[in-house]
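Input: a single structure, listed below in structure tokens.
The values are calculated or read from the model by the stated rules, or taken from the named source; none is laboratory data. Worth saying up front: this structure is predicted, and the values here are computed from it rather than measured. Here the Cβ positions follow ideal geometry from the backbone for every residue, glycine too, while neighbour counts run over all protein chains shown.
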Amino acid sequence: MASRPHALSGLAAMAGNAAVPVVIANNTMLSALWAYWRDKRGSRSMPCRSDIDPTEIPRLLPNLQLVERIDGRFRYRLSGTAIVAAYGRELTGKFVDEVIPRHRLAIAEMHYTTVYETRRAIFVRNKYTTTKSIDLIASRCVLPLSEDDRNVTMLLMAQTFEHGLHVVAGLASGSTLAPYLGEIEFL
């Protein structure tokens with residue numbers, strides 16, 4: 001399948017014959033989800049929820065989330081065990097505004113709304129300081145799902161986490177991440 005043109009940076013690096021956006025190419029979890037989503041999409045702009053089969057991606061499950069929009073609010077339909085461990089609480093079934101602190105809520109909602117409105121996948125990287133004063137960088141791939149290939153009906157996400165020395169090593173020379181806002185890039 002030919003790769004789709006990209007409007008922003010993060011154009012494709014070749015991984016075999018499959019185009020993987022540069023920004024996620026070195027993250028095995030995010031690049032694996034991207035490749036799976038892209039393959040399930042086929043010639044459509046996005047796959048539907050029923051195309052996603054957890055038995056096909058067992059090693060990704062701990063890092064996956066499904067997010068749905070209900071009456072203008074976002075709800076975590078599913079949150080994997082690695083995400084639950086990183087956040088220190090179960091998120092499945094909770095609305096985003098019930099679990100994310102107010103000062104970060106607008107950013108999370110902006111990311112989800114961006115994918116719903118543009119129908120395009122995004123990469124997001126944010127820096128947080130945990131309640132135990134540990135710096136953490138969360139990298140996310142937020143991918144749209146649609147039942148009719150026109151309207152986004154759910155988001156498929158993978159998150160990975162870096163802490164301590166991994167955070168410093170993962171940043172480019174002279175690069176910093178602003179708390180909470182971080183980076184966002186179309187894939």
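Counting the residues of the range 49-85 that are assigned to a strand (DSSP E or B) and in contact with a strand residue (DSSP E or B) (Cβ under 7 Å, 6 or more places away or on another chain) gives 12. Beta carbons closer than 6 Å, at least 6 apart along the sequence or on distinct chains, pair a first residue in the range 136-153 that is at positive phi with a second that is of a type in the set (S, T, Y) for D149/S45.
Checking the range 130-150 against the condition returns a match, with at least one residue being of a type outside the set (F, W, Y), surrounded by 12 or more Cβ atoms within 10 Å (Cβ to Cβ), at pLDDT below 95 and in contact with a helix residue (DSSP H, G or I) (Cβ under 6 Å, 6 or more places away or on another chain). Among the candidates R38, R59, R77, the residue that is surrounded by 12 or more Cβ atoms within 10 Å (Cβ to Cβ), farther than 15 Å from C141 by Cα and modelled with pLDDT of 90 or more is uniquely R77.
Out of the residues in the range 5-24 meeting the condition of being modelled with pLDDT of 50 or more and either touching a helix residue (DSSP H, G or I) at 6+ places or on another chain (Cβ under 6 Å) or farther than 16 Å from I122 by Cβ (or both), tell me which one is surrounded by the fewest Cβ atoms within 10 Å (Cβ to Cβ).
A18
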